[in-house]
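Before any comments, here is the structure.
The values are calculated or read from the model by the stated rules, or taken from the named source; none is laboratory data. Here the structure is a predicted model, which means the values were calculated and not measured. Glycine also receives a Cβ, built like all others from the backbone with ideal geometry; neighbour counts cover every protein chain displayed. SASA here: full protein model, heavy atoms, side chains in, ligands and nucleic acids out. Shrake-Rupley method; radii C 1.70, N 1.55, O 1.52, S 1.80 Å.
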Amino acid sequence: MSKAPSPGFQPTHVVPRRGMPAWAAPDPARPTVPLDPLLPVELVERRGDWAYIRCSNGWGAWVDGRRLIAVPEDPPATEGTGGTADPLPLLTRAAQALTDYRSAVEELAAGTLDGEDFADRTRGLRLGVVVDGESMWLYDPEEGRWVYGDGRRLTTYATDRAVTGEEDSGHAPTRLVAPEGER
């Protein structure tokens with residue numbers, strides 16, 4: 001019998017398909033009840049490869065955090081401003097990248113292209129497309145970002161560019177100062 005989720009429970013991960021062992025403490029000598037496959041859990045703390053998770057019923061355990069499967073955040077809201085108005089140019093570039101890759105694969109399979117030439121032809125080619133009903137996630141290699149689309153507009157979902165903090169914020173950089181007793 002399952003209980004209602006405890007207040008504030010926000011699943012961040014799920015247990016792998018085959019389930020996974022759990023421990024009462026971050027110590028392999030203290031095993032506890034194994035976790036069910038695809039059980040939603042909330043990551044509470046990490047200590048190296050160990051992860052302390054909480055289940056919807058409030059029960060907690062330590063697990064091998066490397067094996068947890070992250071649950072993606074909800075897509076960004078597409079109402080209002082902030083989105084690119086037209087998804088068609090990015091879809092066209094994605095279709096061309098897929099065509100180029102498919103052509104190289106066909107030539108490799110036919111023996112008209114060797115492994116080195118295949119690597120040369122596909123070097124730098126990046127493509128990412130996920131379509132789930134009306135929702136779409138597209139990778140934009142020119143901007144180094146994933147965008148979410150609802151058919152009308154694209155909104156940045158995630159970026160693979162490093163945040164450098166070098167952008168002009170209009171004020172002097174923040175300085176960290178140690179508290180009085182720590183200098």
* To do: Using the structure shown, decide if residue 162 is under 29 Å from residue 72 (Cα atoms), touching a strand residue (DSSP E or B) at 6+ places or on another chain (Cβ under 7 Å) and either at pLDDT 90 or above or open to solvent by 70 Å² or more (accessible area, probe 1.4 Å) (or both).
  => no
* Asked: When you go through (1) modelled with pLDDT under 85; (2) β-branched (Val, Ile, Thr); (3) assigned to a strand (DSSP E or B) one by one for residue 81, which number turns out not to apply?
  -> (3)
* Neighbours by Cβ (under 9 Å, 6+ apart or cross-chain): first from region 47-62, more than 9 Å from residue 26 (Cβ to Cβ) and open to solvent by 60 Å² or more (accessible area, probe 1.4 Å); second in a loop (DSSP other than H, G, I, E, B) and among the polar types (S, T, N, Q) -> 54/6; 57/2; 57/6
* To do: Taking residue 156 as meeting all but one of (1) assigned to a strand (DSSP E or B); (2) modelled with pLDDT of 85 or more; (3) out of contact with any Phe, Trp or Tyr (no Cβ under 6 Å at 6 or more places or on another chain); (4) under 30 Å from residue 8 (Cβ atoms), write down the number of the exception.
  => (2)
* **Residue match in region 96-115 (condition: out of contact with any helix residue (DSSP H, G or I) (no Cβ under 7 Å at 6 or more places or on another chain), open to solvent by less than 70 Å² (accessible area, probe 1.4 Å) and closer than 26 Å to residue 72 by Cα)** => yes
* Asked: within 21 Å of residue 72 (Cα to Cα), open to solvent by 50 Å² or more (accessible area, probe 1.4 Å) and part of a strand (DSSP E or B) - does that describe any residue in region 31-41?
  -> yes
